[in-house]
Structure formats: C-alpha cells, structure tokens
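Read the structure below first, then the notes.
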Amino acid sequence: MTAWPPVELPASQLRRVRAAANGADYRVSVWLPEGPPPAAGFPAIFVLDAGALFATFVEAIRRGSRRVDATGVAPMAVIGIGHDADELFANRLRRRDYTWGPPAHEAQPDAGPVGGGTAFLSFLADELAPALRQELPLDGACQTLFGHSLAGQFVLQALAARPDAFRTWAAISPSIWWDPAGLTARLATTLPPTRTPNVFMAVGEWEGAVPPWQRTHPGHDLLVARRAQRDMVGHAQALAQDMAAWLGPDRAAFRIFEDEDHASVVMVGCQRTLRFATARNQAM
C-alpha cells in the first residue's frame, strides 16, 4: 500500500523554546491568518495546552473569519503553548506550571511539583510574547490568553498577578477549587483599581453533577462526591458576580452552557471566546 503523506495545518509552524524563567522546554505553535495584516498587526490569542487545542482554534478562526458578520469572529493569530511531551494533556507538567501553590482543600498530587505559575507567566509575558512581536506582525495591544480547566485557573491567577499582561482573559471551566479563597482575595486586590481587563468565564451545565450519559458507568458515585466538593459551577458563578462588580458588566462575561460537561464545554468555549475577544478588540 502506498504511504499517504502526513496531514499538515496550513500556514502553521512549530518550534521548541526553552524558557529562561524556569529552564523548561515548551512547544510553541504559531499560525497567522491569510492576507496582509492590519496596520497595528494581527490580534493574537495565546492558547494553553496547545497539543490538544491549537488546531481547534486555528480551524475555528479559518471558518469563522470568512463571515465575520455572521459569526462575530475576526481574523487573529493563534499562538499555542504546549509542554514538551507527547501526551494530549501533560498533567504532571500542567500542575507544575498552572498553579501558584498546593491545593487548598485537597492533598497535593504525588507526581511532580506544583507552584510554578509565576515563572511560567514570566515566560509568556516577558519572553515569548515580546519575541514573537519582534518577529511577526502581531498587535501587542490586542492579546488574549485562553485556558481550560487547570489552565483556566492559571488564567485567573495570572490576571490577579499581572492584569496588564493581556487585554482579554478567557477561563473555561476554571479549576477555582484549587485555591478559591486565595484566588478571590488576590483578584479583589488587583482588579478594582484597574478596570481595564476583559474577562470571559464559562462552565458547562453538568459540571456540578454527573451528566446523564455517565450515570450508568461504574464508580460514578465517586465522581458525584468529587464534583460536589469542588463545586465548579458554584465557584465560577460567585467569582463571575465579583468580576462584574470589579470590572463592570461590559468587561466581564459569564456563561453556563446547557447540556455540556467539563470535557465537552471547551469546544463551545472556544467559539464564544473568539467572539468575545473580537468584540473587545473592536471596541478599542
């Protein structure tokens, strides 16, 4: 049988980058829209867990930006940041980079360190983004950071630490349970004086319970207990109310997507994030 050529994502490239901030290696994927860039450069969305989500965002923008009037999605560059591992989600490395310390109410995971969020944020904001802007036509005033699950928790912690690092922040199904009181306290200190970031948060309807399609699976009672403890929907709702008070309703948006679970909501969240980022970029 004749070997078929591998499928490639058009106009994309992959690099391995070593971060000075923590000495770790990352896989950085870059895609630029077709055609000439705007005078200020392309808006850009920085996507965490690129091994799972880079191509998802590229295809969403390629489709959506063909009809901006119908989709609300304008052309923007995609910068994917992935760990230097072949797993779809490198969970040990995610816990190292996406957290600011151990979980507040659960035992620390056995595998690998935690608490490297400050260094990873420095890599994104002080090393990677400036280097890419020097090389590529990117608009530094229109940058969005996207994360799902533990990466969504990182987005919110990064927002609290450096609210000017990105213009728009998108946290889908954020793992607020990791440190709910600490995160809220840090955001409460940082955001009210700034009132400049744009924040989009979302969760799936079934993240607070077990979706119907999982209720017959063995061990679902353990999942019910864990979800009750972590209270994904309740934590997100409470923080979203605070966000609206700190930033104003025009800059803070929150959605609960019907009939979606923790894993499935990311696809809807991707599209809505792109629409939200487009609207905020155009409002400048």
Which of the residues spanning segment 177-193 are farther than 26 Å from Gln282 by Cα and surrounded by fewer than 24 Cβ atoms within 10 Å (Cβ to Cβ)? Trp177, Asp179, Pro180, Ala181, Gly182, Leu183, Thr184, Ala185, Arg186, Ala188, Thr189
Mind listing just one residue for me: the one in segment 150-171 that is crowded, with 24+ Cβ neighbours inside 10 Å and not aliphatic (A, V, I, L, M) and, of those, nearest to Leu187 (Cα to Cα)? Gln157
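I want to confirm something. Restricting to segment 97-122 and keeping residues that are among the charged types (D, E, K, R) and over 13 Å from Gln153 (Cα atoms), which single residue is modelled with the highest pLDDT?
Glu106
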Could you check how many residues of segment 258-284 are touching a Gly at 6+ places or on another chain (Cβ under 8 Å), open to solvent by less than 30 Å² (accessible area, probe 1.4 Å) and either under 22 Å from Val58 (Cα atoms) or part of a helix (DSSP H, G or I) (or both)? 3
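Considering each residue of segment 234-257, count those that are assigned to a helix (DSSP H, G or I) and open to solvent by 20 Å² or more (accessible area, probe 1.4 Å), and give that number.
Of the residues in segment 234-257, 9 are assigned to a helix (DSSP H, G or I) and open to solvent by 20 Å² or more (accessible area, probe 1.4 Å).
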Consider only pairs whose beta carbons are under 8 Å apart and that are at least six residues apart or on different chains; among these, list those whose first residue lies in segment 272-284 and is free of Cβ contacts under 8 Å to residues at least 60 places away in the same chain and whose second residue is of a type in the set (Phe, Trp, Tyr). none
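So, of the residues in segment 77-96 that are assigned to a loop (DSSP other than H, G, I, E, B) and open to solvent by 30 Å² or more (accessible area, probe 1.4 Å), which turns out to be modelled with the highest pLDDT?
The residue in question is Asp84.
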Please work out which residue is most open to solvent (accessible area, probe 1.4 Å), limiting yourself to segment 42-76 and to residues that are closer than 14 Å to Gly147 by Cβ and in a helix (DSSP H, G or I). Gly51
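The values are calculated or read from the model by the stated rules, or taken from the named source; none is laboratory data. Just so we're clear, the structure is a prediction, and the values are computed from it rather than from any experiment. Note: ideal-geometry Cβ built from the backbone for every residue, glycine included; neighbour counts use all protein chains shown. Calculation scope for accessible area: heavy atoms of the full protein, side chains included, ligands and nucleic acids excluded. Shrake-Rupley method; radii C 1.70, N 1.55, O 1.52, S 1.80 Å.
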